[in-house]
Structures are given as C-alpha cells and as structure tokens.
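Data block below; observations after.
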Amino acid sequence: MKILVIGSGGREHALCRKLAESPSVKQLYCAPGNGGTQEIAENLPIQTDDIQGLLQFAEDQGIDLTVVGPELPLVHGITDAFTARGLRIFGPNQKAAQLEGSKHFTKVFLEEHGVPTARYHRYEDPDEAIGGLEDFRFPVVVKADGLCAGKGVIICPDRGAAEKAIREILVDRVFGEEGRSLILEEYLVGFEASVFCIVSKGRLNFFESAKDYKQIGEGDSGPNTGGVGCFSPNHLLKPNHLAQIREEIIPSIEKGLLSDGLLYDGVLFIGFMVTEEGPKVLEFNVRFGDPETQVLLPRLKSDLLDILWKSTEGTLKEEDIVFSNQTALTVILVSGGYPGSYPTGYPIFGLQEIPQSEDLYLIHSGTKAENDQYLTAGGRVLCLTALGANLEECRSTVYANIDKIRFENSYFRKDIGEIRLH
Ligand code: AMP
Ligand code: GLY
C-alpha cells in the first residue's frame, strides 16, 4: 500500500517509523517531513496547509491512505476535500474538527452530554466579559475560542491579569479572528493526564494514556511549549480514575459523538485535569499528540496500519489495539530560546554515538538534512525515547545518552519522569 503522512514534526517521524514496520506498507511519503522522515519515507515539498497540492499528489499517485498529523489542515477541511474525491484519509471532517478548533463548541458538547468539565461562560463583548469575572474566583482561566498555536489559554492570578487578557483577546485582537469570542473558565486543581482513543465512525477505542510536560523550565516553570518531555502510561492515573474514564466518561463522549452526527475516523485526544472530585475534561484534540506519539507508538505491539485502516473502514475493535506493559519516556532537545525566538541552521553532532536499539529511539522533530549533515530547523529539534520496565529505568537510559547529542545552544529539561504532584 501507498501511505501519505502529513506533517513535519516528531509525531510524524514516529508515525512513519511505526508504519514502516507494517508488511503491507510498500511506499511511504511524508509531506513535508523532516531530517528523520527522509531516512524511511520520501519527503515531499508540499506544505501541510496546501490542501489542493496534497489532494493532487494523492490522486496522481493513487495513495491508499493519508494520515494527517497536525490540526490545522483538519480544521481547514482536508478530510472533506479528500473524501469528496473518494480518497481514504484518517482524520475528522471539518465539522468534527471543531472539537479542537472551537473551545465553545467543545464546552457545549461536554455540557450537553453530561461530561465532567470546568464551569464556564462565553463572551464576545469585552465589558460583559470583565463583568463576568464576578462569577469566578482567582485564579481564573481566560481562553480565546479558536486555534492560537497553543497560546490562547491564559491563567490569570488576579483581576488585573484577567482584564488585561480579556482586552488583548477581544479588543487588541492579538489572536485575530480566532479570538472573536472567549470563555472564562473555573481554574481546576489537580494533575493532568492525556488519554487517547482511536475513533472509528464515532466509536471510541481506548489507546492508552500519557503525561506531557508542557512548561519549558524544570519544576514546571516558565512559559508553555508544545511539550518538552512525556511518558506513557501515565502512572498518576490510579485504577479508580481509569475506571471512571473508561466506564463513564468515554461512553458519554461516544454517545455524544453518535447523537451529534460526529461520526469521524481519527484520533480523540482527551486532556484531563484529575481533581479531587475525579477527572474533568480540559480540552479535546482531534489528532495524535506531539510528543505523546513518541511514547505511545514504541509501546504499541499491534500493526499501526491495520488499526488506522480498520478505523477508516468502521470495523476497528478494542481487541485490535495491544500495548506492551513497558513504560516509555521521551526527553526533547530544543533550540535555546524556545518557545520564544531562536536561531536555526546549526549543525547537529553526535547522533551516531546514540546506540539505537529496541529500547532507545531517536526521533527527529525540527531537523533537516543538508550535505550529509543534520541541521537544526525548529524549536523542538530531537526526541530521545527509551522503553523500560519503569520510569526510573527509562530516565537513566535517556539521561545517560542525551549529552552525546550536541548543537549550539541546545537545552533539555533534566526532570522528565520525576513525579511531582502539585
Ligand atoms: P488547553 O489548551 O485547554 O489544554 O489549556 C492549556 C493548558 O492550560 C492545560 O494543559 C492546563 O495546564 C491549563 N488549563 C486549561 N484549562 C484549565 C483549567 N480550567 N484549570 C486549570 N488549568 C487549566
Ligand atoms: N503535547 C500536546 C499536544 O500535542 O497538543
């Protein structure tokens, strides 16, 4: 089969690696890909937002299945465009992609279907939003409605910060049209957990949990990033939490998807805050996570192509998804300055010193290959992932090797996998 993966990050390199293991995959393309994907797939000079270009390529080459990595093409309707031309694609249509593309859409969905979530109000008018602060205690969470490249959620410790965030979104329009409305949301206390399901015609199949490290600094300090470390499974989720998620929350979401006609094939990535009252849904994403994919797929024993294919056929069952009991942990090497501005184009040294094995994987995020040399090409550059019996074993494998990789101004967190409840 001919498979096309769309995207250019660590998630897409991990997807390509796993797909390449499938005996049915005869040709693998990645658009546009990175320095890692070009070792196992053919990188294409087509950007992820060029839906027409991707469609043309898939038609011309007779691609059997397209797998969409990032959210933007999904929110822009890539799935509708492909299916209208009879092409098979793994990812939600534009309607269902609102579960990631609009915070308000998600909150209405959650409330209508009785899924536990934080209390909220929606506003378009800045004065009304400021007035609405009366209904919340501080800290309060201010969220621009649309997709804001991970920057649209502002946790405000006091009234001054909340008023500033409201004005920036609704008056200064710092997120443009994505901030045409906002929600004020109750601040939840607990720990976060990411839970993944593979959706097949609106039916949810549990696909394991992970714990993402979002902040750039050790001890969860500094600004939020796309994620700079991760492990799976999320050991903080106790059997009672997992039981509530699997037996109550996932079935309620599934019922909601079916009754609202959100019958998509793809991923539902559920972001939870696990509070003293139990798990509450913070957000949905409708795609695999980055870096969660880099820890989920090394643990997956089943054939990934088989899972994605059955999802798009509507025949996927939970028995088709088998994970090992091992733990996987990844630490991300980033360009100094990330998530702010940073230079790129630095040569990367030492990759050949990493002993790649069944238990240690090097995944490329922002790299490119030029003249037999890898160069940095993004904020998140490389992910070193270990598989092991437990978190400690994974941590020692990763941290014993990560210093071998060198590039100008590189940085990584040294506390990934240290459990801290706060
Ligand atoms: P989101 O994009 O909605 O996941 O928000 C990004 C991050 O903001 C989450 O991963 C949480 O760390 C934090 N966050 C979002 N909503 C809340 C909330 N209601 N209470 C506490 N933290 C939140
Ligand atoms: N790591 C969080 C995300 O992929 O959205």
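Some observations on this one:
- Top-ranked residue in the stretch 44-88 [being of a type in the set (G, A, S) and surrounded by fewer than 20 Cβ atoms within 10 Å (Cβ to Cβ); ranked as nearest to the chain's Cα centre (by Cα)]: G77
- Selection status of P355, away from ligand 2 (no atom under 16 Å from the Cβ), farther than 19 Å from S410 by Cα and not charged (D, E, K, R): yes
- Some residue of the stretch 211-230 being within 14 Å of ligand 2 (Cβ to nearest atom), hydroxyl-bearing (S, T, Y) and farther than 18 Å from I198 by Cβ: yes
- Residue ranges of helices (runs of 4 or more DSSP H) in the stretch 233-296 with at least 3 members within 11 Å of ligand 2 (Cβ to nearest atom) and in contact with a strand residue (DSSP E or B) (Cβ under 6 Å, 6 or more places away or on another chain): 292-296
- Condition met for G160 (within 16 Å of ligand 2 (Cβ to nearest atom) and either buried (at least 16 other Cβ atoms within 10 Å of the Cβ) or part of a helix (DSSP H, G or I) (or both)): no
- Filter pass, S302 being away from ligand 1 (no atom under 16 Å from the Cβ) and farther than 30 Å from A149 by Cβ: yes
- Count of residues meeting criterion [buried (at least 24 other Cβ atoms within 10 Å of the Cβ) and hydroxyl-bearing (S, T, Y)] in the stretch 265-286: 0
- Subset of the stretch 345-369 (residues that are part of a loop (DSSP other than H, G, I, E, B), surrounded by 16 or more Cβ atoms within 10 Å (Cβ to Cβ) and touching a helix residue (DSSP H, G or I) at 6+ places or on another chain (Cβ under 8 Å)): I354, D359, S365
- Flag: R137 does not match the condition of being on the phi < 0 side of the Ramachandran plot and assigned to a helix (DSSP H, G or I).
- Odd one out for K107 among (1) within 11 Å of ligand 1 (Cβ to nearest atom); (2) closer than 26 Å to S311 by Cβ; (3) outside any loop (DSSP other than H, G, I, E, B): (2)
- Neighbours by Cβ (under 6 Å, 6+ apart or cross-chain): first from the stretch 74-90, farther than 17 Å from Q61 by Cα and assigned to a helix (DSSP H, G or I); second at pLDDT 95 or above and polar (S, T, N, Q): T79/N93; D80/N93; D80/Q94
- Here F207 meets the list (1) in contact (Cβ under 8 Å) with a residue 24 or more places away in the chain; (2) part of a loop (DSSP other than H, G, I, E, B); (3) more than 17 Å from P116 (Cβ to Cβ) almost entirely, failing just condition (2).
- Residues within the stretch 149-172 that are within 15 Å of ligand 1 (Cβ to nearest atom), over 18 Å from D212 (Cβ atoms), in contact (Cβ under 8 Å) with a residue 12 or more places away in the chain and out of contact with any Cys (no Cβ under 7 Å at 6 or more places or on another chain), tallied: 4
- Residue in the stretch 320-332 that is within 16 Å of ligand 2 (Cβ to nearest atom), within 27 Å of C148 (Cβ to Cβ), part of a helix (DSSP H, G or I) and in contact (Cβ under 8 Å) with a residue 24 or more places away in the chain present: no
- Residue that is closer than 28 Å to P157 by Cα and either of a type in the set (F, W, Y) or crowded, with 16+ Cβ neighbours inside 10 Å (or both), where the choices are G217, G190, G202: G190
- Matching residues in the stretch 92-119 - criterion: being farther than 12 Å from F284 by Cβ and surrounded by 21 or more Cβ atoms within 10 Å (Cβ to Cβ): N93
- Check on G289, within 15 Å of ligand 1 (Cβ to nearest atom), within 21 Å of D145 (Cα to Cα), surrounded by 15 or more Cβ atoms within 10 Å (Cβ to Cβ) and not polar (S, T, N, Q): yes
- Restricting the stretch 83-114 to residues that are among the basic types (K, R) and more than 16 Å from ligand 2 (Cβ to nearest atom), the residue that is nearest to G261 (Cα to Cα): K95
- Members of the stretch 59-73 found to be in contact with an Asp or Glu (Cβ under 9 Å, 6 or more places away or on another chain), aliphatic (A, V, I, L, M) and not in a strand (DSSP E or B), listed by number: L72
The values are calculated or read from the model by the stated rules, or taken from the named source; none is laboratory data. Being a predicted model, the structure only gives us computed values, none of them experimental. Note that we place each Cβ from the backbone using ideal geometry, even for glycine, and neighbour counts take in every protein chain shown.
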